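Following: one structure in structure tokens, then a few remarks.
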Amino acid sequence: DDANVVGNVHGGTILKMIEEAGAIISTRHCNSQGGEPCVAALARVERTDFLSPMCIGEVANVSAEITYTSRHSVEVQVNVMSENILTGAKKVTNKATLWYVPLSLKNVNKVLEVPPIQYVRKEQEDEGKKRYEEQKLDRLETKQRNGDVIFPIINPEPHTVGYSQSSLIHLVGPSDCTLLGFVHGGVTMKLMDEVAGIVAARHCKTNIVTASVDAINFHEKIKKGCVITISGRMTFTSNKSMEIEVFVDADPFVDEPRERYRAVSAFFTYVSLSKEGKPLPVPQLLTETEDEKRRFEEGKGRYLQTKAKRQAQMQQAAQP
Amino acid sequence: DDANVVGNVHGGTILKMIEEAGAIISTRHCNSQGGEPCVAALARVERTDFLSPMCIGEVANVSAEITYTSRHSVEVQVNVMSENILTGAKKVTNKATLWYVPLSLKNVNKVLEVPPIQYVRKEQEDEGKKRYEEQKLDRLETKQRNGDVIFPIINPEPHTVGYSQSSLIHLVGPSDCTLLGFVHGGVTMKLMDEVAGIVAARHCKTNIVTASVDAINFHEKIKKGCVITISGRMTFTSNKSMEIEVFVDADPFVDEPRERYRAVSAFFTYVSLSKEGKPLPVPQLLTETEDEKRRFEEGKGRYLQTKAKRQAQMQQAAQP
Amino acid sequence: DDANVVGNVHGGTILKMIEEAGAIISTRHCNSQGGEPCVAALARVERTDFLSPMCIGEVANVSAEITYTSRHSVEVQVNVMSENILTGAKKVTNKATLWYVPLSLKNVNKVLEVPPIQYVRKEQEDEGKKRYEEQKLDRLETKQRNGDVIFPIINPEPHTVGYSQSSLIHLVGPSDCTLLGFVHGGVTMKLMDEVAGIVAARHCKTNIVTASVDAINFHEKIKKGCVITISGRMTFTSNKSMEIEVFVDADPFVDEPRERYRAVSAFFTYVSLSKEGKPLPVPQLLTETEDEKRRFEEGKGRYLQTKAKRQAQMQQAAQP
């Protein structure tokens with residue numbers, strides 16, 4: 001069931017559609033020159049805002065375009081519009097930037113070369129290269145925070161971190177996987193949004209929707225037959241938003257001499273909505289341990305940074 | 001989600017059930033004599049009318065019977081009844097005739113021989129043979145119109161062809177496929193009905209239901225890992241019905257040295273319904289190009305021919 | 001669609017969740033010592049009561065624990081709690097005991113040895129051993145009643161056995177199967193509950209819910225590509241409950257020199273509920289043949305035995 005009580009389509013479902021579109025266009029591009037057949041695997045999704053909710057019965061228009069290629073990766077821009085089929089009204093739902101890497105169909109550990117695209121203007125290539133370098137740096141950084149584990153709390157107080165933290169497990173089946181036998185990035189993101197949504201609802205006990213997702217890095221592939229544990233905990237609350245950190249751990253418990261490992265981590269931001277769709281105030285998160293206080297401050301930093309960026313963009317847009 | 005807002009089960013879902021039943025009975029028949037194991041692949045569905053809508057919560061009773069066998073093909077008759085479990089009321093939803101061809105499980109390009117069935121009366125065999133020859137002829141003819149492509153139109157006027165035309169893409173996954181690794185015919189038909197329904201709703205902005213599907217020929221198999229594009233455009237409107245042409249194109253973009261190709265095409269007829277389930281008048285399709293006018297006239301031809309056939313059948317049924 | 005009209009989640013969906021949790025924990029345990037990789041296959045589910053219905057929008061908390069290991073089998077205890085995320089209220093939905101057997105990933109016919117677990121107290125091991133012996137005996141007994149077949153009845157009278165009996169067929173696809181290519185026990189149980197629910201609704205024409213499931217034995221594995229027929233018939237009614245016997249027959253109709261065989265059989269108990277969720281009286285089952293009368297008496301025996309056990313447990317619980 002892809003919708004919550006009020007009838008909005010979950011952010012995770014939209015992320016899954018975006019990823020499918022991105023995987024198709026980049027796999028097609030990487031196979032366009034003949035050569036060794038390959039499948040494009042999702043490496044990273046840039047931060048994306050959900051600008052307006054999509055409702056049941058609306059049709060999603062997804063368009064994808066390749067905007068940059070490095071030697072081994074493809075940048076794809078995906079736009080989602082929701083169309084109310086009965087009124088014809090269209091709205092931008094969100095825009096996302098995804099990075100893919102072509103893996104050989106014969107040898108999944110071999111990264112192939114990407115055929116270069118043609119740019120209309122030289123600046124497009126330079127800007128793309130800048131984005132490429134920036135995301136590469138960020139990928140390295142986020143590998144650091146990958147050791148964290150969420151433990152269950154007995155009898156937590158309302159509005160503490162332990163009160164709303166949640167996790168779910170999923171056995172990876174064939175319909176979750178690409179031709180290479182690895183989980184589709186979109187499937188993972190849908191499950192992450194599901195857990196984040198449960199955390200947010202447990203905290204504020206109201207109807208909630210995904211407002212944005214911070215950059216998501218896919219550090220490691222997840223193979224068919226793994227059990228994945230998706231865990232979420234609240235890190236920060238502003239007056240009207242909640243930030244939830246989500247971890248995905250893969251346990252290749254059959255046929256592999258490997259330990260459980262951290263495959264993905266990301267921050268989701270949720271808002272609480274009244275039945276009329278108006279944003280509601282959110283109860284403040286009560287932090288108890290030093291780690292929780294530190295994460296709250298870090299979340300506040302991300303929140304203020306995003307707010308500042310958005311204001312700068314609006315001012316830029318307002319200039320002649 | 002298999003139902004539209006008013007609560008009817010989509011025609012495409014019913015087509016999928018029909019095809020599953022047909023595939024099972026014909027695969028079982030073709031394997032009944034021992035010999036080389038095979039899977040029956042859908043080659044064609046004859047024209048079918050949706051006599052009454054099926055609603056959510058009703059139980060579908062599907063029964064299938066083999067009615068003719070040629071050397072390399074099987075004709076199956078499938079009947080669908082809907083049963084309201086709480087009142088016990090039953091209605092015929094539709095009857096369909098499907099043609100299957102047995103493909104070897106070891107070599108998918110090898111068509112096997114079909115064990116002959118026994119006929120109660122000699123005329124049954126003769127009538128079956130006549131139907132076999134007719135469909136063979138029709139299959140050849142429809143291969144002609146297979147070159148057509150649908151291009152997007154910028155800012156189309158309401159009720160023109162470009163205004164409602166739609167397409168969707170789908171990455172073929174393992175759960176879409178038979179044991180041979182090819183898409184189930186029923187999965188394709190469900191997607192076709194989905195696109196046709198979007199075209200119809202965009203045109204008339206009301207609740208719509210599938211009234212009938214013209215004969216569908218499956219020209220080419222579609223392999224796991226392909227991307228399929230399903231496109232639909234309106235070809236004809238009568239006072240109370242809309243005809244939509246649907247194309248399915250397969251793009252084997254990984255691991256295959258092949259161009260995108262046309263796999264299936266068909267005509268779907270939709271009607272517009274009020275909230276009380278009464279048929280509503282349909283806005284007339286505005287044709288602009290010569291091609292659109294020609295297709296409108298061809299659609300009118302099919303419409304009048306079907307109408308004449310149905311009247312002939314009713315008169316025949318009314319005779320003593 | 002996982003819920004009936006009133007909004008309860010079907011018992012079959014809960015059984016599927018339970019089985020997935022049991023399969024994960026026992027597969028993980030059996031692979032924990034290294035050695036030959038294996039997948040745990042469901043052999044049996046002990047009788048389970050559905051203590052309170054789970055509703056849409058509630059979150060299910062599933063916890064699983066290994067409670068006994070014999071040389072070749074694992075006993076798992078799974079508890080399901082439903083949590084209303086908006087109020088925070090939690091209720092026990094049901095508790096189930098499942099038995100798994102580890103099958104080699106390389107050779108599916110080879111049963112591997114189970115690493116022994118540590119018991120806190122010696123009595124735990126002894127009690128587990130007793131449960132192990134009991135279920136082993138019961139498995140042997142139920143193999144007897146496996147020859148029965150359900151034939152369709154023409155124009156049955158209301159409330160007879162033939163009136164409500166039902167069956168459905170399902171083609172086993174990849175998403176139904178484990179890594180070994182055999183149907184997940186949970187998928188089978190979900191289909192069984194679906195058929196039992198149709199039988200119950202046809203009999204009493206009201207909203208119905210699963211009250212309990214008797215022990216289910218999985219006699220034979222079901223392979224990908226099989227067609228399974230799930231048939232149900234009512235065997236007994238008390239004032240407020242209905243017992244339905246469900247059979248699962250597998251037909252490996254492609255690529256296997258095997259006859260159709262009985263894979264699973266079980267008894268489901270349903271109750272009829274008013275719109276307010278109160279139990280309603282159930283129309284008495286009309287038995288016609290000698291077999292039907294005998295099965296009614298056997299069902300009555302099971303009903304009275306369960307009732308007596310429950311009363312004994314309640315008295316025990318009430319003692320100081």
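Largest GNM mean-square fluctuation among B:G22, B:G34, B:G12, using chain B with Cα springs under 10 Å: B:G34. Each part reduced to its alpha carbon centroid, the range B:104-138 and the range B:141-193 end up 28 Å apart.
Residues of the range B:155-197 that lose at least 30 Å² of accessible area (1.4 Å probe, protein heavy atoms only) when the other protein chains are present, relative to their chain alone, are B:I169, B:L171, B:P174, B:S175, B:L179.
Do any GluC sites (Glu not before Pro) in the range B:217-320 lie in a DSSP loop with no more than 11 other beta carbon atoms within 10 Å, and if so, which? Passing sites in the range B:217-320 are B:E259, B:E276.
In the assembly of identical copies, A:N84 has its label point, taken 7 Å from Cα in the direction of the beta carbon, separated from the corresponding points by 3.2, 3.2 nm (ascending, one decimal). When chains A and B come together, the accessible area they lose, probed at 1.4 Å and totalled over both chains, is close to 1600 Å². I need the shape label for the range B:30-163. Rule: rounded when a/c is under 1.5, else prolate if a/b > b/c, else oblate, with a, b, c from the alpha carbon gyration tensor. Because a/c hits 1.5 or more and a/b fails to exceed b/c, the range B:30-163 counts as oblate. Rounded to the nearest 0.05, the FRET efficiency derived from the C-beta distance between B:T67 and A:A318 at R0 = 60 Å is 0.25. Think of chain A as a dipole: +1 on every Lys or Arg Cβ, -1 on every Asp or Glu Cβ, centred on the Cα centre; then among A:N79, A:T27, A:Q316, A:Q316 lies furthest on the positive end. Note on chain C: dipole from Cβ charges, positive end direction compared against C:G225, C:M17, C:S63; the farthest Cα belongs to C:S63. Placing a label point 7 Å from the Cα of B:E220 along the Cα-to-Cβ direction, the distances to the matching points in the other copies come to 4.2, 4.2 nm, shortest first.
So what's the net charge close to B:G181: Lys and Arg +1, Asp and Glu -1, counting the other residues with Cβ under 11 Å from its Cβ?
Numbers: positive: B:K221, B:K223, B:K224; negative: B:D176.
Once positives and negatives cancel, what remains is +2.
For chain B, modelled as a GNM whose springs connect Cα atoms under 10 angstrom apart, the maximal fluctuation among B:F268, B:F296, B:F236 occurs at B:F296. On chain C, 52 percent of the accessible area sits on carbon and sulfur atoms, based on a 1.4 Å probe. Excluding ligands, DNA and RNA, the accessible surface per residue across chain C is 48 Å² with a 1.4 Å probe. Within the listed set B:A89, B:A201, B:A263, the Gaussian network model of chain B (springs between alpha-carbon atoms below 10 Å) gives the highest mean-square fluctuation for B:A89. Calculated mean residue ellipticity, 222 nm, chain A: -10000 deg cm²/dmol, from DSSP H runs (n ≥ 4) at -39500 (n - 2.57) each, averaged per residue and rounded to 500. Across the copies of the chain, A:Q316 has label points (7 Å from Cα along Cα→Cβ) spaced 7.1, 7.1 nm apart, shortest distance listed first. Please name the residues of the range A:218-265 whose accessible area, counted over protein heavy atoms with a 1.4 angstrom probe, falls by no less than 10 Å² between the chain alone and the full protein assembly. Checking the loss per residue gives A:K224, A:G225, A:V227, A:D251, A:F253, A:V254, A:D255.
The values are calculated or read from the model by the stated rules, or taken from the named source; none is laboratory data. Predicted model, so just to flag it, every value in this text is computed and none were measured. Here Cβ is always computed from backbone atoms with ideal geometry, including for glycine, and neighbour counts include all displayed protein chains. To get the accessible areas, we keep the full protein, side chains included, count just its heavy atoms, and leave off ligands, DNA and RNA. Shrake-Rupley method; radii C 1.70, N 1.55, O 1.52, S 1.80 Å.
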